[in-house]
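Report on the following structure.
The values are calculated or read from the model by the stated rules, or taken from the named source; none is laboratory data. The structure displayed is predicted, hence computed values, not measured ones. Reconstructed Cβ throughout: ideal geometry from the backbone, glycine too, with neighbour counts over all protein chains shown. Ligands, DNA and RNA are stripped out before the accessible areas are found, and what is left, the full protein with its side chains, is counted by its heavy atoms. Shrake-Rupley method; radii C 1.70, N 1.55, O 1.52, S 1.80 Å.
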Amino acid sequence: MYKRSTVVALVFVLAITYTVGCAKKPSPAKKPAVPKIPDKISRGAGKEPVLSVYEIQTHSVKEMKLEDYVAGVVAGEMENNWPVEALAAQAILARTYVLEFITDKGGSKYGDADISTDFEEAQAWNPKNINDRIKKAVEMTRGEVVTYKGNYIKAWFHSHAGGITATAKEGLNFKEAEPPYIKVTKSPDTDAGPAGKKTWSASFSKDEISSVIRDKLGMEAGPIDSVSVAKRGPSGRATQLKIGNATVSAPELRIALGSMDMRSTLLTSFKLEGDRVLMSGKGFGHGVGLSQWGANVMAKQKKKPQDIIRHYFKDIDIVKLWK
């Protein structure tokens, strides 16, 4: 016969075993919602769409498979000798961009085209630069797009973050609600890239600044006897600049002066010197979303394209729409 202590121990073990056996099994991870491919370009579920593209270089509309368009964009937006993983991250964003563009806008401003190769409307495009690296980057991410709660994200990217990315409102003066997937995050591009992308300096005459503020921003600066950063955003970028009597949007002034001259709003110096307005800053571009030079560094660190994108965008899904 069993001793009383042995019986108690046996009952306890059986009770634990029963409890564990009856414990609720964890439910499988919920699959992310798949966004709809716009009807006008769809060729059926799971099939690659076909685009009508206005080619600004030839002033003609051409039909092309979406992946062929994406390859031309990657070749226009990144150096074709960069690591394949960086090119692949760009490919995922380029694919997302065109689908969000058509979903949101319905099509290009050029006639009946779905999108154009005009970089001022959409993305840069340079099919002459397509090489084996770009072909591999596009193929390895074929059909992959970035979504947030089942919708295509605004797939923003820029050249160099200067070490930290921006919110949409501070970097782009975005007028709608701040997208929940955009975040301020450290970018490993601080020491990467050519000198003109890591840091920059620019000099403008007072007359030039006054004319731009008047003619392009519709304001009067009056006598420019002082300049200062009036407000900064979460990443430290200037959002408002006080120039003479005018308080102007820093992102809007950057575009008005020329984004190749005022290269970013991550200003480290903003001052008057005689008849000149002097600026210095870090990075190149609006600073929102993916930093291309940051992607370059992460790719060299053996990060996957999807991991690079998740570093720059918050709470997103990457889904495959066609094989």
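Details
- For beta carbons closer than 6 Å, sequence separation of 6+ or different chains, a first residue in the range 102-115 that is in contact (Cβ under 8 Å) with a residue 60 or more places away in the chain and at positive phi and a second that is in a loop (DSSP other than H, G, I, E, B) and not basic (Lys, Arg), the qualifying pairs are 107/114.
- Filtered residue count, the range 196-232, keeping only those that are in a strand (DSSP E or B), more than 17 Å from residue 259 (Cα to Cα) and of a type in the set (Val, Ile, Thr): 2
- In the range 305-323, the residue that is most open to solvent (accessible area, probe 1.4 Å) out of those that are of a type in the set (Val, Ile, Thr) and not in a helix (DSSP H, G or I) is 318.
- Test set (1) open to solvent by 40 Å² or more (accessible area, probe 1.4 Å); (2) touching a residue at least 40 places away in the same chain (Cβ under 8 Å) - residue 202 fails condition number: (1)
- The range 77-136, residues that are β-branched (Val, Ile, Thr), in a helix (DSSP H, G or I) and within 20 Å of residue 39 (Cβ to Cβ): 96, 98, 102, 103
- Sole residue being of a type in the set (Gly, Ala, Ser) and buried (at least 17 other Cβ atoms within 10 Å of the Cβ), chosen from 280, 269, 264, 259: 264
- Filtered by the rule that a residue be more than 18 Å from the chain's Cα centre (by Cα), open to solvent by less than 30 Å² (accessible area, probe 1.4 Å) and touching a residue at least 60 places away in the same chain (Cβ under 8 Å), the range 53-81 gives 53, 55, 67.
- Residue check, residue 144 among the acidic types (Asp, Glu), open to solvent by 20 Å² or more (accessible area, probe 1.4 Å) and in contact (Cβ under 8 Å) with a residue 24 or more places away in the chain: yes
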